[in-house]
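Below is one structure, written out as structure tokens, with a few remarks after it.
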Amino acid sequence: MNTFARALVTAGATALLCMTPPLHARAATGTFTYYIGDGRERVLQNPQDNECYSVLDAGGLVENGTDATVVFFAHAGCTDEGIATLAPGGWRAVRNFGSFVFVRPNG
């Protein structure tokens, strides 16, 4: 990913995180599917908003069957630069991610 595209992803992820209400926990409704390094499928049901999910050796096709946007990070802890986002109902390939978080704008 080039520097400009990485800056856009980071700016978008930061904006989504800033717009998310911090005072109460909500869960995304639906399922999120991803794959770990040995090809095994992992499925999360109704994942919590704003909770960082750290994973080992994940990458490949991801499917967001939830009603929240997913932000992916290269390393565990969701503290580095966001590398990709995935809108509700979407799917795409995301290479080598170490963590992700579900966010939604106020609304």
Item to check | For segment 64-107: accessible area per residue (Å², 1.4 Å) | outcome: 44
Checklist entry - Using 7 Å Cα-to-Cβ label points, what is the ASP38/TRP91 separation (nm, one decimal)? => result 2.4
Item to check | Surface share of carbon and sulfur [accessible, 1.4 angstrom probe, percent] for segment 29-89 | outcome: 48
Checklist outcome for this item: Quick calc: nm separation of the 7 Å Cα→Cβ label points for GLU51 and ARG26 -> 1.6
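The values are calculated or read from the model by the stated rules, or taken from the named source; none is laboratory data. Because the structure is a prediction, the values reported are computed rather than measured. No Cβ is skipped: glycine too gets one built from the backbone with ideal geometry, and neighbour counts run over all protein chains shown. Note: accessible area is taken over every heavy atom of the protein model, side chains too, but ligands, DNA and RNA are not part of it. Shrake-Rupley method; radii C 1.70, N 1.55, O 1.52, S 1.80 Å.
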